[in-house]
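In what follows, a single structure is set out as structure tokens and then discussed.
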Amino acid sequence: MTTRDAAPATDAQRTEFDRWGFIALERLTSAGEVTALQAVYDRLFEHGSGVRERDHLELTSDRGLLPQILNPDHYAPELRETEAYRNAGLLALRLLGPEAVPTGMHAIRKPAHSGAETPWHQDEAYWDPAMRHRAISVWMPLQPATPDNGCMEFQPGSHLQPVLPHRLISPDSHGLVLADTGVVSESVACPLPAGGATVHANRTLHYAGPNTTGEPRRALIMSFACPAQPFGEPRRFPWQRTEWA
């Protein structure tokens, strides 16, 4: 896989995305904006930040090891006024077409030394199984992303598969994992500089390892999709909790 150095996607990147289900970009935004975003991001994860409990979730059963904030732009609207967000939107139009619209943001923070892995999964496993989805996630680290702190990893071509069986990471968690991780036959790690990005499709199998470094690993994810359409045949995801369905 190649890592590019600009946004939006070139013709070659679009071809690569269609073939493999992901691409990596060397730069989505400037170093100066990354510094400003770090301050906003860290403030949101502080105690007393005002983030509602329903938007501050734990992806694992071990509290504090993989915290996630849904809709961080509801609490920090300036996130929608950044170069990163504008470039992510341009990527969505290039990769998905003119019907692509923003569908939300979330932030995942892996604490220093103890941040847990984000296990292998497909994003569509969380979504309405009655609908057909065409979407991307733009994953941007706010510090260098490496195998040691949990950079993104992908199985090339897995976006062409159906949604595979998943299960809850644990009974009291909000995260999903592939029911059989043995189906992952190849993994491509995508280390990135701060302000770079990976882009992946809704069925692309992906993973991010634990953070074993002395600094937190911060990732801001910006999502875009075309309007969902009825799937056309019955489909059920039995691993979903009622509130996800």
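Here are a few things to note about the model shown:
- Tabulated pairs, segment 1-30, first modelled with pLDDT under 95, second part of a helix (DSSP H, G or I) and open to solvent by 70 Å² or more (accessible area, probe 1.4 Å), C-beta under 6 angstrom, 6+ apart or interchain: P8/L90; P8/R94; A9/R94
The rows are residues; the columns are (1) buried (at least 19 other Cβ atoms within 10 Å of the Cβ); (2) at pLDDT 95 or above; (3) at positive phi; (4) touching a Phe, Trp or Tyr at 6+ places or on another chain (Cβ under 8 Å).
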{"site": "H56", "(1), (2), (3), (4)": "no, no, no, no"}
{"site": "R63", "(1), (2), (3), (4)": "no, no, no, no"}
{"site": "H74", "(1), (2), (3), (4)": "no, yes, no, no"}
{"site": "R80", "(1), (2), (3), (4)": "no, yes, no, no"}
{"site": "Y85", "(1), (2), (3), (4)": "yes, yes, no, no"}
{"site": "A88", "(1), (2), (3), (4)": "yes, yes, no, yes"}
{"site": "A92", "(1), (2), (3), (4)": "yes, yes, no, yes"}
{"site": "M105", "(1), (2), (3), (4)": "yes, yes, no, no"}
{"site": "P141", "(1), (2), (3), (4)": "yes, yes, no, no"}
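- In segment 222-245, of all residues being modelled with pLDDT of 95 or more and among the aliphatic types (A, V, I, L, M), the one that is farthest from A125 (Cα to Cα) corresponds to M222.
- Lone qualifier among L160, L168 - being open to solvent by 10 Å² or more (accessible area, probe 1.4 Å), within 22 Å of L65 (Cβ to Cβ), of a type in the set (A, V, I, L, M) and more than 16 Å from the chain's Cα centre (by Cα): L168
- Those residues of segment 51-105 which are out of contact with any His (no Cβ under 8 Å at 6 or more places or on another chain) and among the β-branched types (V, I, T), in sequence order: V51, T60, T82, V101, T103
- The residues of segment 143-157 that are on the phi > 0 side of the Ramachandran plot and surrounded by fewer than 23 Cβ atoms within 10 Å (Cβ to Cβ) amount to a single one, G157.
- In the set V51, V34, only one residue is among the β-branched types (V, I, T), modelled with pLDDT of 95 or more and surrounded by 13 or more Cβ atoms within 10 Å (Cβ to Cβ); that residue is V34.
The values are calculated or read from the model by the stated rules, or taken from the named source; none is laboratory data. Everything numeric in this text was worked out from a predicted model, so none of it was measured. Neighbour counts are summed over all protein chains in view; Cβ atoms, including those assigned to glycine, are modelled from backbone coordinates with ideal geometry. The area values use the complete protein model at the heavy-atom level, side chains included, leaving out ligands, DNA and RNA. Shrake-Rupley method; radii C 1.70, N 1.55, O 1.52, S 1.80 Å.
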